[in-house]
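The values are calculated or read from the model by the stated rules, or taken from the named source; none is laboratory data. Here the structure is a predicted model, which means the values were calculated and not measured. Neighbour counts run over all protein chains shown; Cβ positions are idealised from the backbone, glycine included. Surface areas here come from the heavy atoms of the whole protein model, side chains and all, with no ligands, DNA or RNA. Shrake-Rupley method; radii C 1.70, N 1.55, O 1.52, S 1.80 Å.
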Amino acid sequence: MPQTQLLPKDQAGIDRAAALLAAGDLVAFPTETVYGLGADARNDHAVARVFEAKGRPSFNPLIVHVADLAAARDLARFNDVAERLAGAFWPGPLTLVLPLQPGGGLSPLVTAGLDTVALRMPAHPVAQDLLAAFGGPIAAPSANPSGRISPTRPDHVLEGLDGRIAAVVDGGACDVGVESTIVSAVGAPQLLRPGGLPVEALEACIGAPLPIDGNADAPSSPGQLASHYAPNAAVRLNARHAAEGEVHLGFGPEAGDATLNLSPSGDLVEAAANLFHHLRQLDETGRPIAVSPIPETGLGRAINDRLRRAAAPRP
Ligand code: TXA
Ligand code: MG
């Protein structure tokens, strides 16, 4: 990939950034917490490239950034607590995990195949301008390589990701400097990650203590989410061919007769983009799923991580 462009935050820069996102490219942008690595949240390939650019060894679900409450309601269902928290703290450094609204059009890779979604309405004017110009949801994890600290200035983003992403919108230094506070409002509210919005403010708004979900994905242990998408069907790994009664999820040209192929050309970004779609489709057949070997390089590590979890014995 050519060198990463540093775009100004004026209208020309914002329009260029929005056009890159619409073309499926990756653009880092400032939020009030940290810089986010943005991709069109409805585009499977763009989202797969986020994981590739960050070098993430697993498919953690990503935060989806929205322009306003109407856009948020298209993607997720809000209970009373969620309404109250969004009303009090959006736009701002609060992310709400909510039940996914079916038909919202998000790539299943954004939610790692889960039926919940993490939503945030950022307060930073550049993030708001970009969301308005793009006109759709933007998936954005922090704009750092996996395992490194979150960037709060454009030069931090370039230090980690130069040449791996199309552009960075220059919004100077971030005010808050730590990631958003994440609250699950899927059922009773729970704190999933402490962050830029103090827990005391949330508790004052809810009028009750906010329990901490001890199993949640702490920033110190990325990828260790308590719940994962798992197919109903049994999954058999490293299978070059389907056995009697199985369906076959193939990879690469050697799997020409597979029921579905993650990438006939053996492209790991394409395979990642297809992973959850294909698994769900094969699961609907009600048959066991045999999966071709996937190379343990690049996005293959994240794909294999998910497949191993899918194949693991269930409690
Ligand atoms: O301030 C922030 O939140 C920044 C800016 C860019 O918005 N973003 C950020 O994203 O920190 P990231 O990907 O580094 O952290 C997202 C966290 C992960 O720990 C992930 O597991 C959790 O959100 N998450 C996302 N979707 C979830 C879901 N459906 N259920 C539970 N946790 C979820
Ligand atoms: Mg992060």
Can you give me the span-like helices of the chain, meaning DSSP H runs with 15 Å or more of Cα extent along the axis and Kyte-Doolittle mean at or above 0.0?
-> 11-22, 268-283
What ranking do 281-287, 207-213 get when scored by the average of other Cβ atoms within 10 Å per residue, highest first?
-> 281-287, 207-213
Find which of P154, A41, V126 sits farthest along the positive direction of the dipole of the chain, computed with +1 on the beta-carbon of Lys and Arg, -1 on that of Asp and Glu, about the Cα centre.
-> A41
Using a 1.4 Å probe, what is the accessible area per residue for the chain, in Å²?
-> 42
Carbon/sulfur accessible area of the chain, % of total, 1.4 Å probe, equals 51
Magnitude of the charge dipole, the range 36-85, Cβ model with Lys/Arg +1 and Asp/Glu -1, debye to 20 = 160
Find the relative contact order for the chain and round it to a whole percent, using C-alpha pairs within less than 8 Å whose residues are 6+ positions apart.
-> 22
Does the range 82-130 classify as rounded, prolate or oblate by the C-alpha gyration tensor (a ≥ b ≥ c root eigenvalues; a/c under 1.5 gives rounded; else a/b over b/c gives prolate, otherwise oblate)?
-> oblate
Can you tell which of G256, N238, G266 lies farthest toward the positive end of the dipole of the range 228-282, using +1 and -1 charges on the Cβ of basic and acidic side chains (Lys, Arg; Asp, Glu)?
-> N238
Find the relative contact order for the range 1-83 and round it to a whole percent, using C-alpha pairs within less than 8 Å whose residues are 6+ positions apart.
-> 14
Give the residue from N144, V168, W90 lying farthest towards the positive end of the charge dipole for the range 48-171; charges sit on Cβ (+1 for Lys and Arg, -1 for Asp and Glu) and the dipole is referred to the Cα centre.
-> N144
Rounded, prolate or oblate: pick one for the range 161-208, where a ≥ b ≥ c are the square roots of the eigenvalues of its C-alpha gyration tensor, a/c under 1.5 means rounded, and failing that, prolate if a/b is larger than b/c, else oblate.
-> prolate
Could you give the length gained on full extension between A132 and D257, defined as 0.36 nm per residue of separation minus the Cα-Cα distance, in nm?
-> 40.5 nm
Could you give the dipole magnitude of the chain about its Cα centre, charging the beta-carbon of Lys and Arg +1 and that of Asp and Glu -1, in debye to the nearest 20?
-> 540
Per the helix-only calculation at 222 nm, which mean residue ellipticity applies to the chain, given -39500 (n - 2.57) for every DSSP H run of n ≥ 4 and division by its residues, nearest 500 deg cm²/dmol?
-> -9000 deg cm²/dmol
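Label the chain by shape, choosing from rounded, prolate and oblate, from the square roots a ≥ b ≥ c of the eigenvalues of the Cα gyration tensor; if a/c is under 1.5 it is rounded, and otherwise prolate applies when a/b is larger than b/c, oblate when it is not.
On the way: a/c = 2.02, a/b = 1.35, b/c = 1.49.
In terms of gyration-tensor shape, oblate.
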